[in-house]
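As structure tokens, the structure follows; a few thoughts come after it.
The values are calculated or read from the model by the stated rules, or taken from the named source; none is laboratory data. Here the structure is a predicted model, which is why all the values come from computation and not from measurement. Here the Cβ positions follow ideal geometry from the backbone for every residue, glycine too, while neighbour counts run over all protein chains shown. Protein only, heavy atoms only, side chains kept; ligands, DNA and RNA dropped before computing areas. Shrake-Rupley method; radii C 1.70, N 1.55, O 1.52, S 1.80 Å.
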Amino acid sequence: MKIILPFLILGLAAVTFFYFTTPILQAIDTLKIQQKNLSVVLDNATEFKKQQDKLIDRDNQIDPADKKNLNEFLPNNIDNVRLIIDINNIAKKSGLIVRNPNIVKAEAKEGEPPPSTDATAGVKTTDPSAAISFSVSASYETLKLFLSDLARSLRLVDIESLSFTAAERNLYDYQLTLRTYWLK
């Protein structure tokens with residue numbers, strides 16, 4: 001019995017180790033891996049927080065007048081009424097009257113739902129731009145003044161189309177389509 005008892009205790013110890021201790025050690029290894037992953041995530045979050053603080057500091061250093069100009073140049077959203085008023089004010093400086101302003105709806109791309117338009121809240125599309133078409137009557141020189149003023153304004157616009165028809169002597173009816181942009 002003295003010879004069998006030590007082997008029995010060793011066997012019992014081995015069974016206990018493999019049956020109870022091994023799963024606990026595997027769980028500990030899994031937790032160590034998770035701890036390393038979470039440590040990396042925490043380090044990344046700390047670095048992102050530092051970057052965010054730097055950007056907030058830089059943003060606070062920007063002059064409010066410059067921020068206002070930047071928001072006018074590339075606003076966060078489009079306000080159709082404000083856009084038409086801005087273009088009308090630029091036209092008035094050149095002695096023009098904007099007629100028949102119309103926000104042109106963006107066409108849906110294949111496989112996408114059609115964009116929705118809300119005249120008071122702005123245009124909601126997947127494309128952060130909107131086109132506005134309108135007509136003016138003016139001489140060629142007056143139209144050049146208007147386009148020059150439009151180019152110098154803070155509003156970011158592209159001329160998509162410009163067509164004209166002769167009306168009176170040295171007076172033409174122009175149909176313009178402009179595209180403006182905003183941040184998504």
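Here the Gaussian network model covers the chain, with springs between Cα atoms less than 10 Å apart; of Gln51, Gln34, Gln61, Gln34 fluctuates the most.
Quick one: plug the Kirkwood hydrodynamic radius of the range 43-100 (C-alpha pairs) into Stokes-Einstein at 37 °C, 0.692 mPa s, and report D in µm²/s. Spell out each step's value before the answer.
Details: Rh = 14.7 Å.
Reported coefficient: 224 µm²/s.
So what does log10 I(q)/I(0) come out to for the range 1-42 at q = 0.15, 0.16, 0.28, 0.32 Å⁻¹, using the Debye formula with one equal point on every Cα and no solvent? Once normalised to I(0) and log-transformed, intensities are -0.53, -0.56, -0.85, -0.94. For the chain, the share of accessible area belonging to carbon and sulfur comes to 60 percent (1.4 Å probe, ligands and nucleic acids excluded).
For Ile78, Ile9, the ranking by accessible surface with the largest value first comes to Ile9, Ile78, using a 1.4 Å probe. In the set (1) 12; (2) 54; (3) 42, which value of percent of Cα pairs over 30 Å apart was calculated from the structure you see? Read-out from the structure maps to (2).
Diffusion of the range 1-89 by Stokes-Einstein, at 20 °C in a medium of 1.002 mPa s and with Rh set to the Kirkwood radius over alpha-carbon pairs, works out to 106 µm²/s.
Cβ-Cβ distance of Arg82 and Lys36, R₀ of 45 Å, FRET efficiency by 1/(1 + (r/R0)^6): the value works out to about 0.30. Couplings for the range 144-156, taken from phi via the Karplus curve 6.51 cos²θ - 1.76 cosθ + 1.60 with θ = phi - 60°, read 4, 4, 4, 5, 5, 5, 5, 5, 8, 6, 6, 6, 7 Hz in order; Gly and Pro are left as x.
Ile28 to Asp57: FRET efficiency via 1/(1 + (r/R0)^6), r the Cβ-Cβ distance, R0 35 Å, to the nearest 0.05? Intermediate values should be presented prior to the final figure.
Working: r = 43 Å, r/R0 = 1.23.
The computed FRET efficiency comes out at 0.25.
Between Lys68 and Lys49, the modelled labels are 3.6 nm apart [label points 7 Å from Cα along Cα→Cβ].
Per residue, how much accessible area does the chain show when a 1.4 Å probe rolls over the protein heavy atoms, in square angstrom? Walk me through the intermediate numbers first.
Numbers: 13710 Å² over 184 residues.
For the chain, the solvent-accessible area averages 75 Å² per residue.
Cβ-Cβ distance of Leu162 and Asp127, R₀ of 25 Å, FRET efficiency by 1/(1 + (r/R0)^6): the value works out to about 0.70. How far is helix 4-16 tilted off the main Cα axis of the chain, in degrees rounded to 10, range 0 to 90? With rounding to tens, the tilt is 10 degrees. Sites counted here are GluC sites (Glu not before Pro) in a DSSP loop (not H, G, I, E or B) having no more than 11 other Cβ atoms within 10 Å; the longest part of the chain that contains none of them is 1-106.
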